[in-house]
Structures are given as C-alpha cells and as structure tokens.
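A quick write-up on the structure given underneath.
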Amino acid sequence: MPQNMHEGHRERLKKRFVEQGLDGFEDHQVLELLLFFSIPRKDTNEIAHRLISTFGSISNVFEAHPKELQKIDGVGENSAILISLISQISRRYLADKNRKTFQLRNVEVAAEYIKSLFVGRKNEVFYVICLDTQLNVIYSVPLFEGTVKEAVVYPRKVVECVIRYNASSVILAHNHPGGSVRPSMDDIKTTQKIVNALSTIGVAVNDHFIVAKDEYYSFAQNGMLPQPQI
C-alpha cells in the first residue's frame, strides 16, 4: 500500500473509532487499529490477520504471552507488550469498577464480580476478597499464583491479609484455567483449613468460588460452608 494511501487508511480508521466506537469493527480491524500505536510506518492489516490466524481468536491474541506474540512476523517487543496489556488492563478496570459499585449481597452478584478478576489469566490464581460489615469490597488480593494446574495456598497468609485490611468477612476465589469448576479434594481441604484459621480471629468465610471460563461454583450455594452469609 503506498504511503499516502496507508496514512489515509489509518486516519479513516481512527476517525471511525472516535465517531462510532468499536462495535462495527471486525476483530482484525481492532488489532489493526491497536497496532497503529506501536508500528508507526507499516501496514498492520496483514499482521492483525496473522495474529488471529495463529492464535485462533482475538481473545486468545490478547491472552498470549509476549514471547509467543513476538514469534509472529511483524510483531516486535513493543507490539507484544501492548497487546498483552489489553487483558490485564481490562481485568484491572473491571475489578476497580466493580469494587466501587458492587455490594456483594448475594451469590449471583458476587459471581459476576469474581469472574472479572480472572479475565485473561492463564495460571491458577487464588484471591482473598476482603469485605466490610455491609459486604462491600474493601480490597481484592491475588494472594497466590501457581502453574496452569495449581496454586499453593497457606492459611497463615490469608489470616495476615485479613488483618492487614481489617476485613469483617471474606470471600475466597480461585480459577481452574483448563478444567472443571467442580472442587477437588485439595480445594475442599484448603477451604476448611482457611475457615478454621479465620475463625480464631472471628472472621467468617462467606463463600469460596471456583471459576472456569464463564462458569462458576459456589461452596456456599452447594452447602459446603457453614451458615453462608451471602
């Protein structure tokens, strides 16, 4: 594409976004537009198509590791980091927005908030969500992170976190990146250890959620915690 046509295409795409947002964009056009800001003088359309062809979908592109992205012809370090930032910025945005507006008053509301914490995560992560007396989120702490299969959880660290943020109660949450939402025996044993540890300082575990893709499992909803509070 000649330089003047290339520049005109960029300006048209930018103007379209400013006026209409991304709703009418194809997935490759979203990537194309994003890459304008890391690749200033090159046609990004072909690179966008290569990314989607390689990873299978735009969500997989955003969740890919920067080193994997750099294997694609035309994707340098800056572009790889920019692309990888999207899912992590989205997760931070959703968590912050929900923290300000969500009172985790029931399982359904809590589940929507908690699912937002795991957007784009490839490894298993264990969260402690600290709540005040009105079930408002004080802080959500990603306390442990493991491999794609497991994260090792220490009840003592959970207790320290609860004390640090002066929580009245907590919700626990972790993800199963490649599996079922059903709890394993280790999940059940770990939950009970944390319940016992927090009971010594008078803090209740209101629920424990397991998230896998867009599904969730609630310990409280399934009768696996004493006296669920939400």
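Numbers below:
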| quantity | calculated |
| --- | --- |
| For region 44-55, 3J(HN,Hα) per residue [Karplus equation, 6.51 cos²θ - 1.76 cosθ + 1.60, θ = phi - 60°, Hz, x = Gly/Pro] | 8, 4, 5, 5, 4, 4, 5, 4, 5, 4, 6, 9 |
| Dipole magnitude of the chain about its Cα centre (Cβ charges: Lys, Arg +1; Asp, Glu -1), debye to nearest 20 | 460 debye |
| Dipole axis of the chain (+1 Lys, Arg; -1 Asp, Glu on Cβ), positive-most option in G74, F126, V109 | F126 |
| Accessible-area composition of the chain, carbon plus sulfur, in percent [1.4 Å probe] | 50 percent |
| Lys, Arg +1 and Asp, Glu -1 on Cβ, resulting dipole of region 29-133 about Cα centre, debye, nearest 20 | 220 debye |
| Listed residues F25, S53, H9: farthest to the positive end of the dipole of region 1-78 (Cβ charges) | H9 |
| Loop-located GluC sites (Glu not before Pro) in region 24-100, at most 16 other Cβ atoms within 10 Å (DSSP) | E26 |
| Per residue accessible area in Å² of region 31-155, where ligands, DNA and RNA are left out and the probe is 1.4 Å | 53 Å² |
| Entries in K67/K189; K193/K213; K122/K189; K15/K122 that, when Cα-Cα distance is taken, lie over 32 Å | K67/K189; K15/K122 |
| Alpha carbon centroid spacing (whole Å) that separates region 64-93 from region 159-209 | 32 Å |
| Listed values [x] -0.24, -0.38, -0.57; [y] -0.39, -0.56, -0.73; [z] -0.28, -0.45, -0.66, entry calculated as log10 I(q)/I(0) by the Debye sum over Cα atoms at q = 0.08, 0.10, 0.12 Å⁻¹ | [y] |
| Of all DSSP beta bridges in the chain, antiparallel share, percent nearest 5 | 70 percent |
| Gain in span if fully extended, R16 to T133, counting 0.36 nm per residue against the direct Cα distance | 37.5 nm |
| Span from the region 101-142 Cα centroid across to the region 8-34 one, whole angstrom | 33 Å |
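The values are calculated or read from the model by the stated rules, or taken from the named source; none is laboratory data. All figures in this text were calculated on a predicted structure; none of them were measured in a lab. In this analysis, Cβ positions are derived from the backbone assuming ideal geometry, glycine residues included, and neighbour counts consider all displayed protein chains. Surface areas here come from the heavy atoms of the whole protein model, side chains and all, with no ligands, DNA or RNA. Shrake-Rupley method; radii C 1.70, N 1.55, O 1.52, S 1.80 Å.
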